[in-house]
Amino acid sequence: MMKLIENFPLKEATTMHLDVKCRYLAEYSTIDELLQILDSPTYRQCRSMHIGGGSNLVFTRDYDGMLLHSCIRFISVVDESDTEVIIEAGAGIKWDEFVKYCISHNYYGAENLSGIPGEVGASAVQNIGSYGVEACGIIERVNCIDKPTGKPAHFDNQECRYAYRDSIFKNEYSNRYIVTSVEYRLSKTPVFTLTYGPLKGLADQPGLSMTDIRNTIIDTRNGKLPNPDETGSVGSFFKNPVILRQQFETLKQSYPAMPHYPAADGRVKVPAGWLIENAGLKGFAIGGALVYPKQCLVIANGGTATPDDVVALYKHVTTVIEEKYGITLQPEANII
Ligand SMILES: Cc1cc2nc3c(=O)[nH]c(=O)nc-3n(C[C@H](O)[C@H](O)[C@H](O)COP(=O)(O)OP(=O)(O)OC[C@H]3O[C@@H](n4cnc5c(N)ncnc54)[C@H](O)[C@@H]3O)c2cc1C
């Protein structure tokens, strides 16, 4: 069912829970309905962007335009062999519902991405990742509608140019393509990625199942990340910076405990949460916005945060980190 709502409050439609609204929210359940919206005078007269579950969006003021939201919700098998299956999911399916579907059907590959908020459409835009796995490792094809022409467009994995929390849809095609569904390639035989943190301990567990992995991940996530229903946040506010090895070696002399991981091209990835905590910013607050004490990578809404509080805190953290380490933090969140 198509819906057009005027002056729609975004407090509950975004996980940061800021008191902002949009001029119009347009929801659709089919591609035909989406095309009707794209053809409507209201759409043509204002600026627009697509949203999913609002779990990576920070609106710094009211959005004077149309937010589009997909309610295309289906999951189906497109193709399968003895060893693999291609599953197509509508953009409006909740991501974790998709993960649960895969686990319940014994399709391997999505389980490490358990518990990530948001919807299927955004998984392909954001290249979501956690516990050593990224969505680009299982995405086969992204099906879209080209906003300016209303024509269908399809992108295979290579064409999406995936990188750490990045894709073509966040760069040259930003705000151009609307993801209507995503096809994922999953394995019918067990292939586990247990290289990361608490999953390492599961490697020797006899009869290890995807549910064991999911439960471990959900428990760990619950212990360090705010529950979006209770405390506003967008998860990691900042990306983990990737720096030149030479810069890392210099920093290591001043900060021998600095954790680090190998990255592409001989560079080094440093956890932004550690940099922030080590800079003494754990729990630091401006107005109602604070550096979340259990995970300093997160900027949380303590309940009364205004968009200005969040922006001021984000800028303060960025400045402190730049001054202390010479590293420029980049937001992982979409700041609008
Ligand atoms: C508590 C918490 C924990 C989190 N943990 C993780 C984590 O472990 N790993 C991780 O990667 N992320 C994490 N996130 C961030 C967030 O869940 C992901 O970025 C997620 O993919 C956002 O999905 P969404 O549907 O809410 O998209 P939104 O936030 O609504 O939108 C995100 C981007 O996708 C675009 N978009 C959304 N849907 C479409 C569509 N159909 N077509 C075209 N563009 C679209 C939007 O324009 C925007 O650019 C976390 C967030 C929270 C609040």
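The values are calculated or read from the model by the stated rules, or taken from the named source; none is laboratory data. All values derive from a computational prediction rather than experimental measurement. Don't worry about glycine lacking a Cβ; one is built from the backbone with ideal geometry, like all the others, and counts go over all protein chains shown. Note: accessible area is taken over every heavy atom of the protein model, side chains too, but ligands, DNA and RNA are not part of it. Shrake-Rupley method; radii C 1.70, N 1.55, O 1.52, S 1.80 Å.
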Handout entry: Subset of segment 44-64 (residues that are farther than 20 Å from Ala122 by Cα and either of a type in the set (Asp, Glu) or open to solvent by less than 20 Å² (accessible area, probe 1.4 Å) (or both))
Key = Asp62, Asp64
Fill in the blank from the handout: Of the candidates Phe248, Phe238, the one satisfying the condition of being within 26 Å of Gly54 (Cα to Cα) and open to solvent by less than 60 Å² (accessible area, probe 1.4 Å) is Phe238
Exercise for the section: Among residues belonging to segment 212-233 that are hydrophobic (A, V, I, L, M, F, W, C) and outside any loop (DSSP other than H, G, I, E, B), point out the one that is nearest to the ligand (Cβ to nearest atom). Expected result: Ile217
Practice task
Look through segment 8-43, keep the residues that are without any contact (Cβ under 8 Å) to a residue 40 or more places away in the chain, open to solvent by less than 80 Å² (accessible area, probe 1.4 Å) and among the polar types (S, T, N, Q), and return whichever of them is farthest from Ala300 (Cα to Cα).
Solution key: Ser40
Fill in the blank from the handout: The residue that is farthest from Ala333 (Cα to Cα), considering only those in segment 194-219 that are open to solvent by 40 Å² or more (accessible area, probe 1.4 Å) and touching a Phe, Trp or Tyr at 6+ places or on another chain (Cβ under 9 Å), is Ala203
Fill in the blank from the handout: Only one of (1) surrounded by fewer than 21 Cβ atoms within 10 Å (Cβ to Cβ); (2) over 29 Å from Glu140 (Cα atoms); (3) within 12 Å of the ligand (Cβ to nearest atom) does not apply to Ile5, and that is (3)
Practice task
Could you please let me know if Thr60 is outside the structural domain of Asp146 (by TED's automatic domain parsing), out of contact with any Leu (no Cβ under 8 Å at 6 or more places or on another chain) and either near the ligand (Cβ under 9 Å from one of its atoms) or of a type in the set (S, T, N, Q) (or both)?
Solution key: yes
Handout entry: Matching residues in segment 83-110 - criterion: being near the ligand (Cβ under 8 Å from one of its atoms) and either within 17 Å of Glu332 (Cα to Cα) or without any contact (Cβ under 8 Å) to a residue 12 or more places away in the chain (or both)
Key = none
Handout entry: Enumeration of residues in segment 188-225 that are more than 23 Å from the chain's Cα centre (by Cα) and of a type in the set (Gly, Ala, Ser)
Key = Gly201, Ala203, Gly207, Ser209
Fill in the blank from the handout: Residues of segment 136-156 being more than 18 Å from Ile72 (Cβ to Cβ) and crowded, with 18+ Cβ neighbours inside 10 Å, in sequence order, are Cys136, Gly137, Ile138
Practice task
Would you confirm whether any residue within segment 163-175 is closer than 21 Å to Cys71 by Cα and touching a Ser or Thr at 6+ places or on another chain (Cβ under 9 Å)?
Solution key: yes
Fill in the blank from the handout: When segment 66-82 is checked residue by residue, the ones that are surrounded by 15 or more Cβ atoms within 10 Å (Cβ to Cβ) and either within 11 Å of the ligand (Cβ to nearest atom) or over 19 Å from Ala124 (Cβ atoms) (or both) are Met66, Leu67, Leu68, His69, Ser70, Cys71, Ile72
